[in-house]
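Bear in mind that the values in this text are calculations on the coordinates, not laboratory data. Just so it is clear, the model here is predicted, and its values are computed rather than measured. Please note: Cβ atoms are built from the backbone with ideal geometry, for glycine as well, and neighbour counts cover all protein chains shown.
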Ligand SMILES: C[S@@+](CC[C@H](N)C(=O)[O-])C[C@H]1O[C@@H](n2cnc3c(N)ncnc32)[C@H](O)[C@@H]1O
C-alpha cells in the first residue's frame, strides 16, 4: 500500500488534488529522493523526442486528477476503474444512509465483538466517507484510527485520532505498526482476491487482534415468492453479476469464513441478518430499516448499475438507467417483499503462533 498523502492536503477540487498527488509521489517514490532532500533532480533521459508534446503533459496531469467523470457521475481516478461505483455527493449520501441502516440493524453497535483490552490502533478498509471511523474515534479518543480508500471523499475536519490514506487495499501494505482491530465494510463489490487480502490483514494484526468483514449479498430474494418471475429486479441482478464476474469481482459473503480460517484466523464467527428492501415488514424496527434501505436504493440502483452496464456490458446510459429505475420501482411495490442478507464475519489472530511453539 502506498504511504499516505497528508489528509490536510486533500480537497475535493482537482487543482488542490494535484498537490496531494505530488505529496504522495514525494513519499512513495524512492527513486525521487531529491523531492525530500533538496538534492539535485536527475533528468529522465529515456524519452526519444527532445520537445515535450502537449499530449504528454496532458496525460501526465490526467493521471494526477482526483476524479474522473462519466455519464454524469464522478468516479475515483487513483487506480481508475478498480471500483465500479461512483464517489460523488449523491453516493456519499447513500453511503451515510447505509451506515445508518447498519446501526439500526445492529442495535446501534459499531462492532458486534468486544474490542481487545488496551486496543490502540484500528484500521478501516474501504472507509468511504469515513463515517464509521470518525464516529468510533469520537467514542474512543484513546485509539488511533486509520481509514483507507481509493477515493479522497473523507471530510477535512477530523478528530485528532483519525488519519485517512488514499491507497488500494489490494496492494502490498507498508504499515510499520500492527493493528488491534481491522474493520472492513462494504467491499463485497470491490475486492478481487479475498484470500490474499485476508492473509495480508492477518499479518498486520497484533496477536489477539480482531478482524470483522461486514457485507451484504448483492442478490435479493423473498420468502413468499413475491418477486415476479419476469421482474426487472431479476434482470438487474443477472446483468449486475455478469458484469462483476467479467471484471473479476466475486460475490464473497458465503466464502468469507472459510477464507478467514485458511488465512489462520481462529474463533471465526458468522452472523447473518435479513435487510428488507422497503417498509413492508410488520415489525417496527424492520419497517424502519426497510424504509431507510428503500431510500438508499433510490439512488443505489443507478449507482450500482451505471458503470458496470455501460463500461462492461456496453449498454447505453439510458438503457442502464432505465433498468435500474425499473428495478427500484418494483421495490416500491408493497406486495414485493424483497430482502437481502447482511453478513458479519469475525475472526481473531491467535495470541501465540502455535507452530513456533511446537518447533
Ligand atoms: C460501499 S463503500 C463502503 C464505505 C464504508 N466502508 C462504509 O461502510 O460506510 C466502499 C468503499 O470502498 C472503497 N474501495 C473499493 N475498492 C477499494 C480498494 N481496492 N482499496 C481501497 N478502497 C476501496 C470505495 O472507494 C468506497 O468508498
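Some points to look at:
- 194, 343 arranged by Cβ crowding within 10 Å, fewest neighbours leading: 343, 194
- Label-to-label distance, residue 219 versus residue 255, with points set 7 angstrom from Cα along the beta-carbon direction: 1.4 nm.
- Its residue count N fixes a reference of 2.2 N^0.38 Å for the stretch 217-317, and the Cα radius of gyration divided by that reference is 1.29.
- Neighbour counting of Cβ atoms within 10 Å sorts the residues 345, 268, fewest neighbours leading, into 268, 345.
- Scattering curve values for the stretch 123-216, log₁₀ I(q)/I(0), Debye with Cα scatterers, q = 0.18, 0.20, 0.22, 0.24 Å⁻¹: -0.80, -1.00, -1.22, -1.44
- Computed on the Cα trace of the stretch 61-166, the radius of gyration divided by the Kirkwood hydrodynamic radius gives Rg/Rh = 1.01.
- Spin-label proximity, residue 319 to the stretch 229-262 - amide N less than 19 Å from point 7 Å beyond Cα toward beta carbon: 231-247
- Of the residues 67, 255, the one with the fewest other Cβ atoms within 10 Å heads the list, and the complete ranking is 255, 67.
- Calculated diffusion of the stretch 82-358, Stokes-Einstein form, Kirkwood radius summed over Cα pairs, 25 °C and 0.890 mPa s, µm²/s: 125
- Full-extension gain in nm, residue 193 to residue 267, via 0.36 nm per residue minus C-alpha separation: 24.4 nm
- Projected label distance in nm at residue 96 and residue 55, using a 7 Å step from Cα toward the beta-carbon: 4.3
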